[in-house]
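In what follows, a structure is listed as structure tokens, so that the remarks can point back to it.
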Amino acid sequence: MKYVKSLKAVTRADKDLCGQRAVDLAALQEHDYAVPLTFVVTNEAFEAFVSHNRLQQRIGEALAGYADKTLSYQLVRELLLNGKFPKEMVAELVESYESLSVDPDAPVDSLIEAGNAPFVTVILSTNHAIPEESTEGVVLNVHGLEELLLAVKECWACLFTPAMLRFRKEAGIGEKNLNAGVLVQHMVRSETTGEAWSANGSNMEELVAKAYYGALDVGHDIAKDEWRLTREYLRPVYQRVAVQTEMLTRDDEDRLGKQPIGKRGEEQKLTDREMIELGRLAKKASIALDCQVKLFLDIHKELFRLLLCDRLLLTKGSVKLQGYRAEERIEEEEPEPMPEETEEATAAVPAEEEVTAETVKEAFSAEELAAKSVVEEEGFIVAVDEETGKEEVQDHEVTEQEAAEEETTKEGVPASGGEEKTDDEETAEPETGRVTEEEPVEEEEPATEPEPAGEEDGEDETEEEGERAEATVIDEEDSIFAGVIDEENDEGQKAEESEEQGTGEEEESGKEEETDEEREENEEERERDEGEARIEKRRTERTLDEAFDEVAAALTGAYERRFRHAPPASVKDLFFELSEEVVIPHEELIGTLIMIHEEDREHGQEEEKRVLDAIDEFLERLE
């Protein structure tokens, strides 16, 4: 066919012919995503329609002649809706539309309706990615050939809405480079719809999954359950069950509209396992397409059917994502430079000055200094606050005279120019923190009052003589005992010295034993360090080809342990099939390595380093 192409026949080279949405949907279908029956009305059909009705010049005049782009859109839409399809194109559309009557994946009881005109969803597919929140160009519940032809025209008209014109202008996409296809997809009667993001805004480490009852929410006005999951292990970090009051569904006359739900809308729309599966499918799609994505899926009895895939685009305030050419990105505004006043203010901050006695004195007021008693001590000033009793240590520079006095005090000679001080004067000086040798001073006995002389004088003299005699005997005994004690002390000292000598020998022998133990520990530590060095050397010297071979062998081993049949020949197919059953460590980086090796994808040095750094942990943790 010239104007229509089956989705299964779409390849990545058909981006300008069929559009980005069609290419991504076909690519995910190759990765075992279930997609309803779909065909694509190509860009050649759009160009043939415009040429057949001679609309090119008139569309250009409508876009350029009005400042109000809403008015321009209305004029262009009217031109397209009034246009006629070429007969050859209509024949191809009729044949393709009838092929959607029977869905091979549908249950048997639905075959009774075979031959009836199917309900379809018609979706615009431009050759550039569009904002994922945009639902312009999505027409639901199209039934019959006449409605199909009208829906295709409506999608073409959506190329010229004010929002689309503004987006292409900001993205730098010229009208001459604009191509578009139209997806025509068999519309399933949706029980529950799920939406899944491979990134949570600028947070690349989180996935988002939402669910609600009914058909695709093109109006963004239906309450949805929301989960957020970690990208690495799909662990929920946030859960919210919304109260849904109405759902979008077909009534008895097959008209699509909102209907009340009742208490059912207060329940969780999907099971925990199904919400996690939404996140896993978004993660898998982002790896397969090498970009961040948003998926729209129909869920019916644990069967997930992919309806639509949009690429997440860069918007102001978010991060720049990979997978887009420069002309497809909205550049972020450059951050405003720091004002010069800030730099001057920073330069004006004085350097921290050295704290000295002078600066301390300047810092305190005269009243505060009066309240402090200062004592000089070893080059510092210890300031004692008389009110609080707290001490503050301050720097104090020692003068030459003080240094000289200190030296002479140590040598026992008075300082030059000074007079020799008596013992009484030295004792009267305040302590300066220096240790000096002084003769021990015997304590004077307290003076007793003189008693009057009388008859007892003789007796007192006799008693004094007796006391002196006793003291002499005690002194002799003390000297004898002192000699004995000295001898005992000498013997004890010798015994202690011998014990210490024996202990020293034991310690030396113990040290020799410890040395042997330490030697063994050192050898084990050295062997361990050498092993780590070999691992580090292997990691740093590993090439991408070697890493790919190791990953392929590890994936094959894990596949054979889990499944009984032979693994796929392609490592990419092996990776995606295994990722559905087990958690693959560093799944995104391993997927990047496989894409680089098998599809020769371009990559930078930083990306290569991150991939190689993850290999060892992947090999160690792979189940």
- Task: Examine the range 63-76 for a residue that is among the aliphatic types (A, V, I, L, M), under 23 Å from residue 183 (Cβ atoms), open to solvent by less than 50 Å² (accessible area, probe 1.4 Å) and in contact (Cβ under 8 Å) with a residue 40 or more places away in the chain, and state whether such a residue exists.
- Result: yes
- In the range 551-574, what residues are among the hydrophobic types (A, V, I, L, M, F, W, C), open to solvent by 40 Å² or more (accessible area, probe 1.4 Å) and part of a helix (DSSP H, G or I)? 553
- Item | Selection status of residue 163, of a type in the set (A, V, I, L, M, F, W, C), open to solvent by 30 Å² or more (accessible area, probe 1.4 Å) and touching an Asp or Glu at 6+ places or on another chain (Cβ under 7 Å) | yes
- Query: Of (1) charged (D, E, K, R); (2) surrounded by fewer than 18 Cβ atoms within 10 Å (Cβ to Cβ); (3) under 38 Å from the mean Cα position of the chain (by Cα); (4) farther than 26 Å from residue 583 by Cβ, residue 263 satisfies all except one. Which?
  - Reply: (3)
- The condition of being closer than 30 Å to residue 572 by Cα and in contact (Cβ under 8 Å) with a residue 60 or more places away in the chain holds, among 273, 311, only for 311
- Query: If you take just the strands (runs of 3 or more DSSP E) that sit entirely in the range 221-309, which of them hold at least 1 residues that are of a type in the set (S, T, N, Q)?
  - Reply: 225-230, 236-240, 246-250, 256-260
- Considering the range 129-153, residues that are modelled with pLDDT under 90 and either in a strand (DSSP E or B) or among the polar types (S, T, N, Q) (or both), and then whichever is surrounded by the most Cβ atoms within 10 Å (Cβ to Cβ), we arrive at 135
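Condition check ((1) assigned to a helix (DSSP H, G or I); (2) β-branched (Val, Ile, Thr); (3) surrounded by fewer than 16 Cβ atoms within 10 Å (Cβ to Cβ)) across all residues:
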residue: 576; (1), (2), (3): yes, no, no
residue: 582; (1), (2), (3): no, yes, yes
residue: 585; (1), (2), (3): no, no, no
residue: 593; (1), (2), (3): yes, no, no
residue: 601; (1), (2), (3): no, no, yes
residue: 611; (1), (2), (3): yes, yes, no
residue: 615; (1), (2), (3): yes, yes, no
residue: 618; (1), (2), (3): yes, no, no
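Taking residue 548 as the residue in question, decide whether it is touching a residue at least 60 places away in the same chain (Cβ under 8 Å) and either more than 28 Å from the chain's Cα centre (by Cα) or not in a loop (DSSP other than H, G, I, E, B) (or both). Don't jump to the end; show me each part of the working.
Numbers: touching a residue at least 60 places away in the same chain (Cβ under 8 Å): no; either more than 28 Å from the chain's Cα centre (by Cα) or not in a loop (DSSP other than H, G, I, E, B) (or both): yes.
So residue 548 fails the test.
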- For the range 1-84, please list each of the helices (runs of 4 or more DSSP H) lying entirely inside it that holds at least 2 residues being touching a helix residue (DSSP H, G or I) at 6+ places or on another chain (Cβ under 9 Å) and farther than 20 Å from residue 152 by Cα. 20-30, 56-64, 69-81
- Message: Need pairs with beta-carbon distance below 6 Å; first residue under 16 Å from residue 131 (Cα atoms) and within the range 142-167, second open to solvent by 20 Å² or more (accessible area, probe 1.4 Å); sequence gap 6+ or separate chains.
- Response: 158/136; 160/73; 161/73; 161/136; 162/69; 162/70; 165/69
- Message: What pairs come out if I take residues in the range 28-50 that are within 19 Å of residue 282 (Cβ to Cβ) and pair them with residues that are open to solvent by 20 Å² or more (accessible area, probe 1.4 Å) whose C-beta lies under 6 Å away, six or more apart or interchain?
- Response: 34/305; 35/29; 36/186; 36/305
- Say we look at the range 205-236 and pick out the residues that are within 15 Å of residue 278 (Cα to Cα) and among the hydrophobic types (A, V, I, L, M, F, W, C); which of these is surrounded by the fewest Cβ atoms within 10 Å (Cβ to Cβ)? 234
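The values are calculated or read from the model by the stated rules, or taken from the named source; none is laboratory data. What you see is a predicted model; the values in this text were computed from it and never measured. When we count neighbours, we look across all protein chains shown, and the Cβ atoms used for this are built from the backbone with ideal geometry, even at glycine. Only protein heavy atoms, including side chains, enter the accessible area calculation; ligands, DNA and RNA are left aside. Shrake-Rupley method; radii C 1.70, N 1.55, O 1.52, S 1.80 Å.
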